[in-house]
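Below: one structure, written as structure tokens.
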Number of protein chains: 4
Amino acid sequence: MSKVDKQKMELYAEKVKNWNKWGENDELGTLNYIDAQDIVYAAQLVKTGKVFPMAIPLDVNGPQWGERGRTNPHRTMVYTGTDALLGRQDFINMRYADDVVTMPLQCATHWDALGHVFYEYYEGDERKVIMWNGYSAANVDSYGCHKCGIQNTRDKLIGRGILLDMARFHGVESMDPGQGITSEDLTACAEKFGIQVKQGDFVLVRTGFLGKHMKEGVWGKYAGGDAPGLEFETLEWLHKNEVAAVATDTWGVEVRPNRSDEFLQPWHWLAIPMLGITMGENFFLDGIAEECAKDGSYEFLFVAPSLPFTNGAGSPTNPLAVK
Amino acid sequence: MSKVDKQKMELYAEKVKNWNKWGENDELGTLNYIDAQDIVYAAQLVKTGKVFPMAIPLDVNGPQWGERGRTNPHRTMVYTGTDALLGRQDFINMRYADDVVTMPLQCATHWDALGHVFYEYYEGDERKVIMWNGYSAANVDSYGCHKCGIQNTRDKLIGRGILLDMARFHGVESMDPGQGITSEDLTACAEKFGIQVKQGDFVLVRTGFLGKHMKEGVWGKYAGGDAPGLEFETLEWLHKNEVAAVATDTWGVEVRPNRSDEFLQPWHWLAIPMLGITMGENFFLDGIAEECAKDGSYEFLFVAPSLPFTNGAGSPTNPLAVK
Amino acid sequence: MSKVDKQKMELYAEKVKNWNKWGENDELGTLNYIDAQDIVYAAQLVKTGKVFPMAIPLDVNGPQWGERGRTNPHRTMVYTGTDALLGRQDFINMRYADDVVTMPLQCATHWDALGHVFYEYYEGDERKVIMWNGYSAANVDSYGCHKCGIQNTRDKLIGRGILLDMARFHGVESMDPGQGITSEDLTACAEKFGIQVKQGDFVLVRTGFLGKHMKEGVWGKYAGGDAPGLEFETLEWLHKNEVAAVATDTWGVEVRPNRSDEFLQPWHWLAIPMLGITMGENFFLDGIAEECAKDGSYEFLFVAPSLPFTNGAGSPTNPLAVK
Amino acid sequence: MSKVDKQKMELYAEKVKNWNKWGENDELGTLNYIDAQDIVYAAQLVKTGKVFPMAIPLDVNGPQWGERGRTNPHRTMVYTGTDALLGRQDFINMRYADDVVTMPLQCATHWDALGHVFYEYYEGDERKVIMWNGYSAANVDSYGCHKCGIQNTRDKLIGRGILLDMARFHGVESMDPGQGITSEDLTACAEKFGIQVKQGDFVLVRTGFLGKHMKEGVWGKYAGGDAPGLEFETLEWLHKNEVAAVATDTWGVEVRPNRSDEFLQPWHWLAIPMLGITMGENFFLDGIAEECAKDGSYEFLFVAPSLPFTNGAGSPTNPLAVK
């Protein structure tokens, strides 16, 4: 595949652009593909009542190392049981514990809001930075995303989930940093495991990379570092298949190092502002993957509610797959 | 009903105590009542694919006013679109927005962990403060809940939800502060609306109080203030019916002012450490309530994943009811 | 005095503008007026060794009520003595307490950086927003003040302090909200108490307003509310007298309600970006005021180091007056 | 020197114990040694008006790496100039920037409060954990230090500073990790540079270690890692000389690795709770050191106000040395 230069970026921008598809005031993008019947269908997939949570632990031992403001969650206590035991809560007639957290909304298992990434181009000398559906990036100021904030998704993150287990496809515990996933790979994986991609699906792509780090218990420069992931051209696959959302068990969905000298995270440049796809990162997929391999079915009820942070650029989530 | 004094507290403690029911190492309490078939059953309730989110907005305009460390979420931006537009992100080849939040885990719509509230008694002169299942409160120190942390619930908060719409039962928009809900009320409400309480249910009790405040847009001293809610004696009702969890559309589930001169939040004193019930607060129930009234069915698939904060005393959640 | 409209704003902008006075790369403004001999002189004022701290307590019971992101400091513990006593620190061979705080840098007693306030005007249709010395406001992005950050002042906030005790001048415990202080008042006050304003002085203006609130222990809408303070035209007085910095015992130095229909905080519009004066807010002045009245001398050694937050728009400080 | 075992710890505890020296209600410890005349004397040392700030920059690139809750300051913006320029502040008639920080109080250049470290011993089987002056460690709960909080020092951190430049004494840019400083070294250094230690002094001990890290710009495991510093036995030197406070240009004052198999930070075990000395860490001393070497005088006015965090276990500070 050729590198992503300016020309290729512009070509793909046109290819996958969904602006105005759901009206000029839309703030949901491809989540619009989900309809009520998809949810009914997904619910009917529940046969055994087994639940597979996908959130990684939220604490200071997380994947972040502080790059560009991304720290790990720091939770501290406002009241403790030790205080209660030593009579330090006797001023109230209650005995309890409370806590408070400081955390980036994108530090662990999370959804990116459509307001999270922008596309830039020039009209003559004038710089244009735009969001999904053509909104100006000026809508994202210090108060947050006045357009495309995460709160818009509060009732949308439920439907049919399908797993494309690329690690199992390749017969490895984990794909390697730098190892890309192409559109052809995604199609071949779906075929091999007998799952058909449908409009409105939540597509979960497993590389094994997150699970490997969890098992080893060492994060190092995982966040922002080299990783397996989607090739730039998979944007077309996602566009064509009209999927609702995509998530992976890596920190940033797309392959790293990026296939570009000019763009950092070139896939992001289009996925969010042009294609309008809601994306999830650091989804732990090993549990559901094992179950799918066991029962031979790669579809399930998927529920991953966002927290409605007003104007938020993202939200932590604990996605559940239910079979 | 008589006031809750020391004697009554001890009497009810014995009545509703579930310690060791699920083994001496249990950290889940009544969530153990849910079995896989309950989840299968709940999924089958999905007929129309309608989704009702129950989280209130997370921002600085929330219900808290700062009492005892409970502030509202304060989200700030690490990157903005305005920066991108003015060339302030040219040092990286990306254009994006990120944010960070500081928030108490119990400030908005949330679950309390079983490590959140303790029971205190004396053996001779010795003060005992204990948690669910008999663990010492010393297990909750500055690092959080080494026992009964919220992360234990990560795959448990899904099942059959039922709505007991007490406001509708009384024919009011909102019940009044100080207006109690008795066991008899709960039973009568269930009968009136044709719903049978079953083992393992998530019982949502609606007072209309949260919705009224949301509509008026003024919180004042809502948090920690007078409110309608469950009477102390409903502990027996919850115990007898073997419900999995209970949540209300108030800040603290139980009625305020409390019916006690000696205990603050007397219902809490037993609900969490003795009964071992997971409880939810500030659940917005008006949307699902309207739908239940319309279609005449007060049961639904309920999914309200907690975020797995390691040793957390609680977690924000965006509960979804699906019909 | 006439109201501050656009014309008056522009007139005073020209009157007090100090741009380029200290070179085109200057980021210190009127702090440049202080020279080494001023510090030597100020040190020699120390005769009794009495120290008067001016910082108000930093805790959740502070003056803020949450308007536009200004909350009170929220300090929580990372380790406690109660934990130590109950053996919860036995995993390390130390017994200790640590804490962490979340706080706006402008929430209590603080200095504003020169990057804190901007001046706006139009060139034709083009909006210009500029900082001290003519820097574009684009220099203040999500990373903070790339120009005129508070760290520039780290070694500058020491010199001769003088007190202009306007409350004593008027013979009141506290001046009233809305009561203005004019240039003539400042001059008359200095004369009455026998103090001569000199180039490079730190001028502390006391209204009694902060002390009154401290004594009453109720803040209400103090922050951002009506207050006594400097009239707009005092900008000329500060400019002419070449003072180094100015601080008051109010939340915002200038009188409120503002004398303008068009500008919020019109004095700020010029004081920081045009005059280039470093300003302090919520300085508790009652202690030093009492001493000055007693010994009849209104000058002292003044030391109020800022904390060098890189690119910070301000800093908390605990100013000391030493006599 | 022998290792610090239980017996040696107890021996030195008795040697340096200052409890009740200033009354049973004292919360200041050796800061009591400073009297007003010391401050007058110190002010008279100011001859040239040169100011040497000792705080290191407060930002995310600081010395911490997250161990046991110690992170670096994370400052984010609430308003920015980029917002102002793009019209995002037009809803108010002001143009400005504000910021908020989350930071451990002990993460950069800071004072430890006397409530920061405890001493532990047993009476029979009963564990005792005590603070300065014999207060129980139970006084330090989730609300902070109800005894010996940092706010007590708000007007005390000023006096005569003296520099003991051990790096220069040894003729090195920086002393080595693990290299200890003995009482004899301190005395010899004072003699060599012609400075006499007096009651009530602020003693600053320079190793060059902080400056070396600042110059190299790489912190790694600096915080909590090996470092040059004071030997355990210097407690006697500090006790005998009746110094008011001690600070170093290292993260933890005492030498690391510690000379003990049983105690982490054995010097701390006694310095704070027994000797009652206020101590400072990460003081940048290279600037003042160079000046002292140049003018041959190792004394100066020292002003390092703490911020009065109510019940705080410490405070950031920007200490100024003035000559």
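The values are calculated or read from the model by the stated rules, or taken from the named source; none is laboratory data. The shown structure was predicted, so the numbers you read here are calculated from the model rather than taken from an experiment. When we count neighbours, we look across all protein chains shown, and the Cβ atoms used for this are built from the backbone with ideal geometry, even at glycine. In case anyone asks, the SASA skips ligands and DNA or RNA and just uses the protein heavy atoms, side chains included. Shrake-Rupley method; radii C 1.70, N 1.55, O 1.52, S 1.80 Å.
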Defining the label point at 7 Å along Cα→Cβ, can you sort the distances from D:GLU14 to the same site in each other copy, shortest first, in nm?
5.4, 8.3, 9.1
What are the lysines whose alpha-carbon lies under 22 Å from the alpha-carbon of C:LYS128, with same-chain residues fewer than 8 places away excluded?
A:LYS128, C:LYS6, C:LYS8, C:LYS15, C:LYS17, C:LYS21, C:LYS147
Defining the label point at 7 Å along Cα→Cβ, can you sort the distances from C:ALA36 to the same site in each other copy, shortest first, in nm?
3.2, 8.2, 8.2
In square nanometres, what is the average projected area of the Cα convex hull of the range C:205-283?
5.1
Diffing the range D:77-92: the Karplus 3J(HN,Hα) column from phi (6.51, -1.76, 1.60, θ = phi - 60°), in whole Hz with x for Gly and Pro, holds 9, 9, 9, 9, x, 4, 4, 4, 4, 9, x, 7, 10, 5, 6, 10
Nearest beta-carbon to the B/C symmetry axis - residue in chain B, distance in Å
B:THR102, 2
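Relative contact order of chain A: what whole-number percent is it, with Cα pairs under 8 angstrom and at least 6 residues apart? Numbers along the way, then the final one.
Numbers: 745 pairs, mean separation 100.5, N = 323.
About 31 percent, as a whole number.
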Looking only at chain A, where both bridge partners belong to it, what percent of the DSSP beta bridges are antiparallel (to the nearest 5)?
65
Long-range amide H partners of B:ASP165 with built H, under 5 Å
B:ARG206
Percent antiparallel among DSSP beta bridges confined to the protein assembly as shown, rounded to 5, stands at 70
Once the Cα gyration tensor of the range B:274-316 is diagonalised, what are the square roots of 5 times its eigenvalues, in whole Å and ordered largest first, as equivalent ellipsoid semi-axes?
28, 12, 10
Given q = 0.14 Å⁻¹, what are the Debye log10 I(q)/I(0) values for chain B, with equal point scatterers placed on the Cα positions and solvent ignored?
-1.09
Tell me which residues come under 5 Å, amide H to amide H, from B:LEU58 once H is placed; ignore anything under 5 positions away on its chain.
A:PHE309, A:THR310
So the label point sits 7 Å from Cα along the Cα-to-Cβ vector; using that for D:SER136, what distances do you get to the other copies, in nanometres, sorted shortest first?
1.5, 6.3, 6.3
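Just from its helices, what would the mean residue ellipticity at 222 nm be for chain C, if runs of 4 or more DSSP H residues each count -39500 (n - 2.57) and the sum is divided by every residue, rounded to the nearest 500 deg cm²/dmol?
Value at 222 nm, helices only, nearest 500: -6000 deg cm²/dmol.
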Please state the equivalent ellipsoid semi-axes for the protein assembly as shown: what are the square roots of 5 times the Cα gyration tensor eigenvalues, largest first, in whole Å?
51, 37, 32
Assigned charges on the beta-carbon of Lys, Arg, Asp, Glu; the range C:128-250 dipole about Cα centre (debye)
440
Whole-number percent relative contact order across the range D:26-173, with pairs defined as alpha carbons under 8 Å at least 6 apart:
25
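Mind checking how much accessible area B and A bury in total, 1.4 Å probe, in Å² rounded to 100? Show your work: numbers first, answer last.
Numbers: alone 14860 and 14800 Å², together 22410 Å².
Summed over both sides, the interface buries about 7300 Å².
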In debye to the nearest 20, how big a dipole does chain C give about its Cα centre with +1 on each Lys and Arg Cβ and -1 on each Asp and Glu Cβ?
540
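About its Cα centre, what dipole magnitude does the protein assembly as shown give when the only charges are +1 on Lys and Arg Cβ and -1 on Asp and Glu Cβ, stated in debye to the nearest 20? Walk me through the numbers on the way to the answer.
Details: 124 positive and 176 negative charges, 0 e Å.
Approximately 0 debye in magnitude.
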Rounded to the nearest Å, what's the spacing between the alpha carbon centres of the range A:1-77 and the range D:92-144? Just the number, please.
41
Applying the Karplus parametrisation 6.51 cos²θ - 1.76 cosθ + 1.60 with θ = phi - 60° to the phi angles of the range A:105-115, what ³J(HN,Hα) value in whole Hz is obtained for each residue in order, glycine and proline being reported as x?
6, 10, 8, 10, 7, 8, 9, 8, 6, 5, x
